[in-house]
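The values are calculated or read from the model by the stated rules, or taken from the named source; none is laboratory data. On a predicted model such as this, the values are computed, not experimentally measured, just so you know. Counting neighbours? That spans all protein chains shown, and the Cβs are built from the backbone with ideal geometry, glycine included. Just the protein is used for accessible areas: all its heavy atoms, side chains included, with ligands, DNA and RNA removed. Shrake-Rupley method; radii C 1.70, N 1.55, O 1.52, S 1.80 Å.
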Amino acid sequence: MANLQNLLVCRNLLDDEIFNPAADKFEVAAKLIAKAETLGLSGNLWRSYLIYVLAHEPNLVSETVEANGGKIGESLRSAFQHDIEILQEIFNGGNSNFEILENYSPTVKNKVATLAEIDFKASNFNDTGAIADSLINYYRKFGYGDIAAYRAFIWDSKLIGIKHFEKILLEDLIGYAHQKELLTKNTLAFIENKPANNVLLVGARGTGKSSGVKALVNEYYTRGLRLVQITKPQLKKLPEIMDALRKFASKRFIIFLDDLSFEESENEYKYLKSAIEGGVESRPENVLIYATSNRRHLIRETWRDRAEGQDELYRDDSVNETISLSDRFGLIIHYYAPTQAEYLEIIRHMLKKKNIALDDETLRIEGLRWEMSHSGRNGRTAQQFVNYYLGQN
């Protein structure tokens, strides 16, 4: 086993019991097999697990690359290559004494899909400089740890990766071409470090507002886009969340607020106003806020608010307060209920993905019958019809 005590920047390996030279070899072998099944590691398990740890667990190199937008000093790179030279015995397969560890095939392979993006083929595990550069390029593209492994997160005092994030793509969203174009162009500008706006997607229910945002993350994940979904009560923690995201400088984060609206008595919207524009601390350059709502102005407004005889002395101030939140979103995209033709085309597309083709007349009769007995004409109703049809046929 390599002498890990001489490591300079990857000393986190010293805390891993699998790399402890004093550990019982049978116990280590058992733990390696358990890791292989949990993570989907295959081939030589010493090498595969080492690659996983270097990619997933934070070290000085991965943290520096992430914090500096992909940059790394030449001296730090040399120190990293020094560590790779120490680890080369493990990269070359180690000395396992167990044949099963040399070419293991797990029940389910590649559960951490991004590991396949680390290109070691050219180095053949003998060129330590090439191995170091392959890992550095991985950090630049994906980051490290959960930031690399997950597309989307929730917040619970820290980022928690969503294991089963919806796999919807932009091509799955039928209709709304103009809305998709606006949303995509703004997001691409954000990814490319160009000026971009916070976005409010507003309109009829079930029209694909949330699906569009999720599809963007799936589309541009390999270009560094991530999503963090928060709830309305968590708005007061926005400064804390943004501070945590600020350190991942090479990634772009959409803070996502789904189905957002406020009653007059709720004050959480003031935290959102401050976070978008007006707070003492500026919003990080790698963070935008995307929100969906059925209300154009987000805050519930009544005719009484606009009445001349209302109690408040300065009526215009009350109205301005109500609409000022939505005005802080630089891009507001409106979604309308689909036409009958668009609704039927959504159904046709969904069925086609399941290798089912209905003739036009059957599609029209069945689709419209379903619409009339449900909550209106929209993408959600179309999906419900498809689920029903697949279950009955």
Sorted list, accessible surface of protein heavy atoms, 1.4 Å probe, largest first, for 334, 178, 164 is 164, 178, 334
Partner lysines for residue 31 [C-alpha distance under 24 Å; skip if fewer than 8 residues away on the same chain]: 109, 111, 163
How many angstrom lie between the C-alpha centres of segment 33-104 and segment 185-262? 32 Å
Sorted by accessible area (1.4 Å probe), largest first, how do 231, 292, 107 line up? 107, 231, 292
Once the mean of 1/r over all distinct C-alpha pairs in segment 138-235 is inverted, the Kirkwood radius in Å reads 14.6 Å
Heavy-atom surface of segment 330-387, accessible at 1.4 Å and reported per residue (Å²): 59 Å²
Give the accessible area for residue 366 in Å² (nearest 10); use a 1.4 Å probe, count only protein heavy atoms, and leave out ligands, DNA and RNA. 60 Å²
The long-range amide H neighbours of residue 228, using H built 1.01 Å from N in the peptide plane and a cut-off of under 5 Å, are 153, 254, 255, 256
Give the shape of segment 18-60 as rounded, prolate or oblate, defined through the alpha-carbon gyration tensor: a ≥ b ≥ c are the square roots of its eigenvalues, a/c under 1.5 means rounded, and otherwise the shape is prolate if a/b is larger than b/c and oblate if not. oblate
Over the heavy atoms of residue 42, what accessible area does a 1.4 Å probe trace out, to the nearest 10 Å²? 40 Å²
Sorted by accessible area with a 1.4 angstrom probe, largest first, how do 350, 372 fall? 372, 350
For segment 157-214, which GluC sites (Glu not before Pro) pass both filters: DSSP loop (anything but H, G, I, E, B) and at most 15 other C-beta atoms within 10 Å? 166, 192
Pairs of lysine residues in segment 171-247 - Cα separation under 18 Å, sequence separation of 8 or more or cross-chain: 7
Leaving out ligands, DNA and RNA but keeping every protein chain, what accessible area does residue 160 have, in Å² rounded to the nearest 10, with a 1.4 Å probe? 60 Å²
